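S.K.: Have a look at the structure that comes next, please.
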Amino acid sequence: MDYKDTLLLPKTDFPMRGNLPTNEPKKYQAWYDADIYEQMKAKREGAEIFTLHDGPPYANGDIHIGHALNKTLKDIILKYNYFQGKAVRMTPGWDCHGLPIEQKVEEKLGKSKKEAMPTEKFRELCRAHAAKFVDIQRDGFKQLGIIADWENPYVTMDFKFEANIYRTLCEVAQKGLLVERHKPIFWSWAARTALADAEVEYEDKEDYSIYVHFELSDAAKEKIGVEGKAGLVIWTTTPWTLPANTGISLNPEEMYVLTDDGHIVAEVRYDAMIEEGVVSGHASRKIASTELENLLAINPVNGRSSKVILGDHVMMDGGTGAVHTAPGHGEDDYKVGLKYGLEVVMPVDEKGCYDASVKGLNLLPNADEFVGMHIFKANEPILELLGDNLLKQSKFVHSYPHCWRTKKPLIYRATNQWFISIDDKPEGSGKTLRESALSAIEDVNFYPASSKNRLQPMIEGRPDWCISRQRSWGVPIAFFRIKSTKEVIFDADVLEHVANLFDVHGADAWYAMSNAELLPEGSKYNPDDLEKISDILDVWFDSGSTWNSVLSSGNYDAGEYPASLYIEGSDQHRGWFQSSLLLSSAVNQVSPYKTLITHGFTVDEKGEKMSKSKGNVVAPDKVIKQYGSEILRLWVALSNYQTDLKISDGILKQTAEQYRKIRNTFRFLLANVDDLEAYVSNDAYGELDRWILTKAREVFASVKASFDAYDFLGGFATLNHFITNELSGIYMDITKDRLYCEEKNDESRRATQSAMAHISKAMLGLVAPVLTYTADEILEYAPALFKDGMENVFDLVYVEVPEVAASFDDSILLDARVKFSEAVDKLKKEKLMKSTLEVEIAGDMSLFAINDEKDLEDWFVVSAMKASSEGEQVASFEVEGKTYTVHKATAAKCPRCWRFTSTSEECACERCAKVVGA
């Protein structure tokens with residue numbers, strides 16, 4: 001008789017290989033065609049809501065692997081909450097204003113064409129450029145299987161959006177936090193605009209290190225009672241700022257010394273100055289810094305007066321203890337200069353060149369030669385002008401601020417700019433904006449927890465936020481100024497009228513409409529008396545106000561404010577996380593996010609940054625075509641995203657192997673529950689079933705706890721360990737006999753099938769957020785009992801494995817299984833046996849906690865477990881000090897189940913004979 005046809009072998013059409021690159025796009029398109037995001041909303045109507053507010057990528061260029069990481073991580077988190085039964089919202093967004101787009105459009109036009117073009121026309125071209133890349137990037141994200149409200153994204157250049165950015169600005173102004181100041185800020189001469197701190201990068205730059213003698217005025221010498229040569233020695237790295245010097249700062253707590261050769265330096269710096277050869281004379285007299293306060297020195301470059309002042313910013317870890325102070329060129333200089341009423345001299349134009357004021361203010365001799373000269377080219381001519389007052393010069397390399405877009409060195413330049421004041425109190429609040437922001441982050445959950453230590457010090461130490469830019473493509477700071485008084489109009493009616501016009505016409509209205517059209521009907525202001533402010537807003541203000549424009553405006557079904565979660569790269573502590581926090585704190589005194597997650601950046605397998613020149617760039621579209629997006633998604637989940645993430649072809653191959661293991665585990669489980677039509681009751685499970693159900697319940701609870709804490713790596717490590725060891729390595733192996741060989745409705749078979757169905761369904765709910773395509777495919781091929789009416793994966797809600805009565809303590813049994821395997825592996829290698837069913841184990845069975853004899857045999861996958869055996873001993877192993885012997889089975893091999901439990905190899909064993917006979 002051919003017994004093969006009597007076996008209940010696994011049966012499923014679920015394919016072993018996913019063929020992901022071919023099949024995923026079809027499934028994704030079907031989801032988008034069916035508007036699956038709207039279906040997800042409908043299926044969770046009335047449930048607790050989880051709002052993931054999308055940080056907007058910049059609408060310029062194709063998506064790269066960093067984009068893929070960011071959006072995939074968001075998608076996993078969103079779907080995790082969805083499959084846990086929550087209603088979810090994610091409105092994807094794009095940042096569309098700003099310098100990079102201006103530069104791209106300007107490159108195409110040419111500079112002369114751009115300058116001759118009306119601003120509104122140039123903005124139209126910028127708008128078209130951004131719109132093109134919004135579409136390109138959206139398609140790229142959809143190819144990754146990202147589910148979001150793609151039909152209603154937020155785009156910062158949409159008319160209503162621009163209007164709401166402007167309304168946020170007006171709210172900040174009405175809170176009394178918007179101020180205009182003439183002060184030094186980071187200035188990109190290459191981009192001809194002011195920059196915020198978040199737009200500054202630090203790179204190495206070679207600079208001069210110079211020590212310069214500033215002779216004291218005669219009146220100053222007389223005041224302190226010295227004769228002959230006597231002057232303060234300053235140290236600077238920027239010779240080009242010397243013409244704008246109006247002061248010398250000393251430390252108020254320090255003593256200074258006058259040397260025999262007429263130089264004054266801090267006493268604690270004197271030995272270092274001798275060593276460096278800056279001064280050589282004996283320290284002949286001590287002078288307290290307070291004695292020198294408000295005295296005058298002479299600037300050796302131009303003969304202008306330089307006031308001696310005191311400042312806590314003067315450090316003693318370098319230099320001379322006397323700091324060259326030019327309030328137009330430095331934040332500390334400006335602050336201390338305000339206190340002493342120093343003149344703010346700014347002879348540098350927007351292009352980084354000296355302007356005509358170097359001549360008008362007599363800042364340089366032979367001034368005509370310097371007008372129009374770039375400041376970085378002026379260093380050498382200025383050093384020549386110093387003559388003997390230049391005590392020492394050298395060059396060194398140090399970290400220096402650069403523009404994040406042009407990559408050129410920045411300068412500090414005093415200009416009229418708009419700032420959000422950090423240390424003023426918003427109207428109606430008892431706290432300053434800084435205090436309010438610091439208080440707000442106390443209620444935020446940070447992942448990793450250490451990221452709080454990055455954001456908090458930045459808020460504690462940050463200066464006022466410079467929000468104005470001297471460019472064309474952005475939301476204008478659309479305020480009127482009265483020409484005669486220069487007073488800025490913050491009239492609520494005027495502001496709301498302008499905002500309403502922006503709703504309809506966009507911010508272009510500020511440029512295209514006349515003053516009269518921009519004023520409300522019956523306005524008390526005469527349009528001819530007014531002038532428009534021409535600056536635009538920093539793009540970080542655009543994205544920083546998205547909580548208002550997206551979550552609070554009512555224009556989008558985007559979820560709740562404050563959002564459940566913001567998640568971006570670690571660079572956003574100084575960018576979007578901070579700008580969003582400041583604006584939300586300014587207007588509402590709360591954080592815009594309840595939880596903040598920070599992820600690292602993508603690097604190659606050596607940990608090196610990706611670049612085209614190195615040839616180590618991994619492009620998302622290439623990964624999708626070669627492996628499929630499921631592999632990319634699993635790579636994200638299996639990576640420690642809180643640090644930099646390594647990716648390469650080798651790493652993706654390893655991830656593909658992990659995927660195959662997960663897929664084939666589900667395939668085995670599906671194939672073995674194919675004919676299951678009802679779950680058994682909880683009291684019908686045998687010892688082995690209760691063991692795996694209890695183990696699975698514990699493991700899945702641990703996985704869920706990891707996922708709840710956004711630790712997908714830890715969760716998957718726990719899950720993969722369970723799949724490899726207990727589930728696949730033991731249970732799926734030891735239950736094959738009952739699944740294949742018992743009668744179809746045998747209690748033990750149905751119990752094992754039920755256990756497998758419960759485990760696979762719970763496990764599906766855990767992997768679905770990451771492997772959504774595969775989870776949907778599994779459901780497609782799952783039996784009706786498993787589907788339980790689900791049409792697709794988006795009907796799935798995570799269900800726990802049922803709680804069953806406790807099973808056996810497995811500690812000794814697991815050890816015994818390992819020891820037994822080691823013993824028989826030698827036999828297999830020596831080709832003395834093929835299968836463990838060929839043997840039986842003899843020894844003290846009371847040590848093992850499994851009561852049922854057949855279950856114990858199945859645990860070891862042997863044909864018998866006995867106190868003693870008459871069969872030939874082939875091996876032995878020891879457990880808990882007791883020896884167990886392994887013997888060749890004494891019974892014959894059953895031709896149906898292959899267990900050595902038959903009386904003859906020609907006939908089936910008792911169990912199989914009964915099943916076949918039945």
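S.K.: Taking into account only those residues within region 328-366 that are small (Gly, Ala, Ser) and either under 24 Å from residue 402 (Cβ atoms) or open to solvent by 10 Å² or more (accessible area, probe 1.4 Å) (or both), which is nearest to the chain's Cα centre (by Cα)? If you could, list the steps in order and put the result at the bottom.
M.R.: Our first condition is that a residue be small (Gly, Ala, Ser); within region 328-366, this holds for 328, 330, 337, 341, 352, 356-357, 360.
Retained after the next criterion (residues that are either under 24 Å from residue 402 (Cβ atoms) or open to solvent by 10 Å² or more (accessible area, probe 1.4 Å) (or both)): 328, 330, 341, 352, 356-357, 360.
On the way: 328: 36, 330: 32, 341: 44, 352: 35, 356: 46, 357: 46, 360: 50 Å.
It comes out as 330.
S.K.: I need every pair where a residue in region 889-918 that is within 19 Å of residue 858 (Cβ to Cβ) has its Cβ under 7 Å from the Cβ of a residue that is surrounded by 14 or more Cβ atoms within 10 Å (Cβ to Cβ) and of a type in the set (Lys, Arg), sequence separation at least 6 or different chains.
M.R.: Final answer for the pair search is 900/893; 902/893; 908/896; 909/899; 912/896.
S.K.: Can you name the residue in region 608-652 that is within 16 Å of residue 144 (Cβ to Cβ) and among the basic types (Lys, Arg) and, of all such residues, is surrounded by the most Cβ atoms within 10 Å (Cβ to Cβ)?
M.R.: So in region 608-652, the residues within 16 Å of residue 144 (Cβ to Cβ) come out as 618-637, 639, 641, 645, 647, 652.
Adding the requirement that they be among the basic types (Lys, Arg) leaves 622, 625, 633.
Details: 622: 12, 625: 12, 633: 26.
The selected residue is 633.
S.K.: Is there a residue in region 203-218 that is among the acidic types (Asp, Glu) and in a loop (DSSP other than H, G, I, E, B)?
M.R.: If we filter region 203-218 for residues that are among the acidic types (Asp, Glu), which is where we start, we get 203-204, 206-207, 215, 218.
Filter again for in a loop (DSSP other than H, G, I, E, B), leaving none.
Taking every residue of region 203-218 in turn, none turns out to be among the acidic types (Asp, Glu) and in a loop (DSSP other than H, G, I, E, B).
S.K.: Where residues in region 674-694 are assigned to a helix (DSSP H, G or I) and open to solvent by 40 Å² or more (accessible area, probe 1.4 Å), which of them is nearest to residue 446 (Cα to Cα)? Show your work before the answer.
M.R.: Residues of region 674-694 assigned to a helix (DSSP H, G or I): 682-684, 687-694.
Checking the rest, the ones that are also open to solvent by 40 Å² or more (accessible area, probe 1.4 Å) come to 682-684, 690, 694.
Values: 682: 41, 683: 44, 684: 46, 690: 39, 694: 33 Å.
Across region 674-694, the extreme among qualifying residues is 694.
S.K.: Residues in region 696-716 that are more than 28 Å from the chain's Cα centre (by Cα), free of Cβ contacts under 8 Å to residues at least 60 places away in the same chain and surrounded by fewer than 22 Cβ atoms within 10 Å (Cβ to Cβ): how many? Walk me through it before giving the result.
M.R.: Of the residues in region 696-716, the ones more than 28 Å from the chain's Cα centre (by Cα) are 696-699.
Filter again for free of Cβ contacts under 8 Å to residues at least 60 places away in the same chain, leaving 698-699.
Filter once more, keeping what is surrounded by fewer than 22 Cβ atoms within 10 Å (Cβ to Cβ): 698.
Residues meeting the conditions: 1.
S.K.: Could you check residue 841 against (1) assigned to a helix (DSSP H, G or I); (2) within 13 Å of residue 887 (Cα to Cα) and say which number it fails?
M.R.: Condition not satisfied by residue 841: (1).
S.K.: Please state which one of 102, 45 is assigned to a helix (DSSP H, G or I) and not basic (Lys, Arg).
M.R.: Numbers: 45 fails: assigned to a helix (DSSP H, G or I).
Criteria check complete, one pass: 102.
S.K.: Separate question: Inspect region 870-882 for any residue being of a type outside the set (Asp, Glu), over 57 Å from the mean Cα position of the chain (by Cα) and assigned to a loop (DSSP other than H, G, I, E, B) and give the result as yes or no.
M.R.: Here is the first cut: in region 870-882, the residues of a type outside the set (Asp, Glu) are 871, 873-877, 879, 881-882.
Those still in the list that are over 57 Å from the mean Cα position of the chain (by Cα) too: 871, 873-874.
Right, trim to assigned to a loop (DSSP other than H, G, I, E, B) and you get 871.
Yes, there is a match, as at least one residue in region 870-882 is of a type outside the set (Asp, Glu), over 57 Å from the mean Cα position of the chain (by Cα) and assigned to a loop (DSSP other than H, G, I, E, B).
S.K.: State all residues of region 377-407 that are part of a helix (DSSP H, G or I), open to solvent by 50 Å² or more (accessible area, probe 1.4 Å) and either closer than 24 Å to residue 193 by Cβ or of a type in the set (Val, Ile, Thr) (or both); if no residue qualifies, say none.
M.R.: 377
S.K.: Would you mention how many residues in region 260-271 are outside any loop (DSSP other than H, G, I, E, B) and either crowded, with 18+ Cβ neighbours inside 10 Å or more than 51 Å from the chain's Cα centre (by Cα) (or both)? Don't jump to the end; show me each part of the working.
M.R.: Going residue by residue through region 260-271, those that are outside any loop (DSSP other than H, G, I, E, B) are 263-271.
Narrowing the set further to residues that are either crowded, with 18+ Cβ neighbours inside 10 Å or more than 51 Å from the chain's Cα centre (by Cα) (or both) leaves 263-266, 269-270.
Total meeting the criteria: 6.
S.K.: Report the residue count in region 127-146 for those that are out of contact with any Phe, Trp or Tyr (no Cβ under 8 Å at 6 or more places or on another chain) and not in a helix (DSSP H, G or I).
M.R.: 2
S.K.: When region 773-826 is examined, which residues are found to be touching a residue at least 60 places away in the same chain (Cβ under 8 Å), hydrophobic (A, V, I, L, M, F, W, C), open to solvent by less than 20 Å² (accessible area, probe 1.4 Å) and closer than 19 Å to residue 31 by Cα?
M.R.: Answer for region 773-826, where residues must be touching a residue at least 60 places away in the same chain (Cβ under 8 Å), hydrophobic (A, V, I, L, M, F, W, C), open to solvent by less than 20 Å² (accessible area, probe 1.4 Å) and closer than 19 Å to residue 31 by Cα: 778, 794, 796.
S.K.: Restricting attention to region 224-235, and to residues there that are touching a helix residue (DSSP H, G or I) at 6+ places or on another chain (Cβ under 8 Å) and open to solvent by 10 Å² or more (accessible area, probe 1.4 Å), which single residue is farthest from residue 392 (Cα to Cα)?
M.R.: The extreme case among them is 224.
S.K.: Further question on the same structure: Is it true that some residue in region 28-36 is modelled with pLDDT under 95, among the acidic types (Asp, Glu), closer than 23 Å to residue 624 by Cβ and open to solvent by less than 10 Å² (accessible area, probe 1.4 Å)?
M.R.: no
S.K.: Based on what the data block shows, is residue 66 in contact with a strand residue (DSSP E or B) (Cβ under 7 Å, 6 or more places away or on another chain), of a type in the set (Gly, Ala, Ser) and open to solvent by 10 Å² or more (accessible area, probe 1.4 Å)?
M.R.: On the way: in contact with a strand residue (DSSP E or B) (Cβ under 7 Å, 6 or more places away or on another chain): yes; of a type in the set (Gly, Ala, Ser): yes; open to solvent by 10 Å² or more (accessible area, probe 1.4 Å): yes.
Yes: the conditions hold for residue 66.
S.K.: For residue 92, work out the one condition from (1) open to solvent by 60 Å² or more (accessible area, probe 1.4 Å); (2) modelled with pLDDT of 90 or more it doesn't fulfil.
M.R.: (1)
S.K.: List the number of the failed condition for residue 410; all other conditions in (1) in contact (Cβ under 8 Å) with a residue 24 or more places away in the chain; (2) open to solvent by 10 Å² or more (accessible area, probe 1.4 Å) hold.
M.R.: Single failed check for residue 410: (2).
S.K.: Is it true that residue 767 is over 22 Å from residue 665 (Cβ atoms), of a type in the set (Val, Ile, Thr), open to solvent by less than 10 Å² (accessible area, probe 1.4 Å) and touching a Ser or Thr at 6+ places or on another chain (Cβ under 8 Å)?
M.R.: On the way: over 22 Å from residue 665 (Cβ atoms): no; of a type in the set (Val, Ile, Thr): yes; open to solvent by less than 10 Å² (accessible area, probe 1.4 Å): yes; touching a Ser or Thr at 6+ places or on another chain (Cβ under 8 Å): yes.
Answer is no for this residue.
S.K.: Shifting gears a bit: Go through (1) within 25 Å of residue 830 (Cβ to Cβ); (2) touching a residue at least 60 places away in the same chain (Cβ under 8 Å); (3) open to solvent by 20 Å² or more (accessible area, probe 1.4 Å) one by one and return the number of the condition residue 866 breaks.
M.R.: (2)
S.K.: If residue 51 satisfies all but one of (1) in a loop (DSSP other than H, G, I, E, B); (2) among the polar types (S, T, N, Q); (3) crowded, with 18+ Cβ neighbours inside 10 Å, what's the number of the condition it fails?
M.R.: Failed condition: (1).
S.K.: Return the total of residues in region 396-450 being basic (Lys, Arg) and closer than 20 Å to residue 462 by Cα. If you could, list the steps in order and put the result at the bottom.
M.R.: Of the residues in region 396-450, the ones basic (Lys, Arg) are 405, 407-408, 413, 425, 431, 434.
Checking which are closer than 20 Å to residue 462 by Cα leaves us with 413, 425, 431, 434.
Final tally of qualifying residues: 4.
S.K.: Among the residues of region 565-607, how many are open to solvent by 10 Å² or more (accessible area, probe 1.4 Å) and of a type in the set (Phe, Trp, Tyr)?
M.R.: Qualifying residue count, region 565-607: 1.
S.K.: So which pairs qualify, if the first residue must be in region 43-60 and in contact (Cβ under 8 Å) with a residue 60 or more places away in the chain, the second must be exposed (fewer than 15 other Cβ atoms within 10 Å of the Cβ) and part of a loop (DSSP other than H, G, I, E, B), the Cβ gap must be under 6 Å, and the two must be at least 6 apart or on different chains?
M.R.: Between residues of region 43-60 that are in contact (Cβ under 8 Å) with a residue 60 or more places away in the chain and residues that are exposed (fewer than 15 other Cβ atoms within 10 Å of the Cβ) and part of a loop (DSSP other than H, G, I, E, B), the close pairs are 49/560; 51/560.
S.K.: Hey, another quick one. Any residue that is closer than 30 Å to residue 582 by Cβ and outside any strand (DSSP E or B) - is there at least one of those in region 607-623?
M.R.: Within region 607-623, not a single residue is closer than 30 Å to residue 582 by Cβ and outside any strand (DSSP E or B).
S.K.: Take region 305-320 and flag every residue that is surrounded by fewer than 19 Cβ atoms within 10 Å (Cβ to Cβ) and modelled with pLDDT under 95.
M.R.: First, the residues of region 305-320 that are surrounded by fewer than 19 Cβ atoms within 10 Å (Cβ to Cβ): 305, 312-313, 315-318.
Selection gives 312, 313, 315, 316, 317, 318.
S.K.: Looking only at region 414-459, count how many residues are open to solvent by less than 30 Å² (accessible area, probe 1.4 Å) and closer than 30 Å to residue 245 by Cα.
M.R.: Total satisfying the criteria: 8.
S.K.: Taking region 717-741 as the region of interest, how many residues are over 18 Å from residue 862 (Cβ atoms) and either part of a loop (DSSP other than H, G, I, E, B) or open to solvent by 10 Å² or more (accessible area, probe 1.4 Å) (or both)?
M.R.: Step one: of region 717-741, the residues over 18 Å from residue 862 (Cβ atoms) are 717-728.
When the remaining residues are screened for being either part of a loop (DSSP other than H, G, I, E, B) or open to solvent by 10 Å² or more (accessible area, probe 1.4 Å) (or both), the result is 717-718, 720-721, 724-726, 728.
Number satisfying all stated conditions: 8.
S.K.: For region 618-641, what are the residues that are at pLDDT below 85 and under 27 Å from residue 451 (Cβ atoms)? Let's see the steps before the verdict.
M.R.: Residues of region 618-641 at pLDDT below 85: 618-620.
Those that are at pLDDT below 85 and under 27 Å from residue 451 (Cβ atoms): 618, 620.
The values are calculated or read from the model by the stated rules, or taken from the named source; none is laboratory data. The structure presented is a predicted model; accordingly, all values stated were derived computationally and were not measured. Neighbour counts run over all protein chains shown; Cβ positions are idealised from the backbone, glycine included. For accessibility, only protein heavy atoms count, side chains too; no ligands or nucleic acids. Shrake-Rupley method; radii C 1.70, N 1.55, O 1.52, S 1.80 Å.
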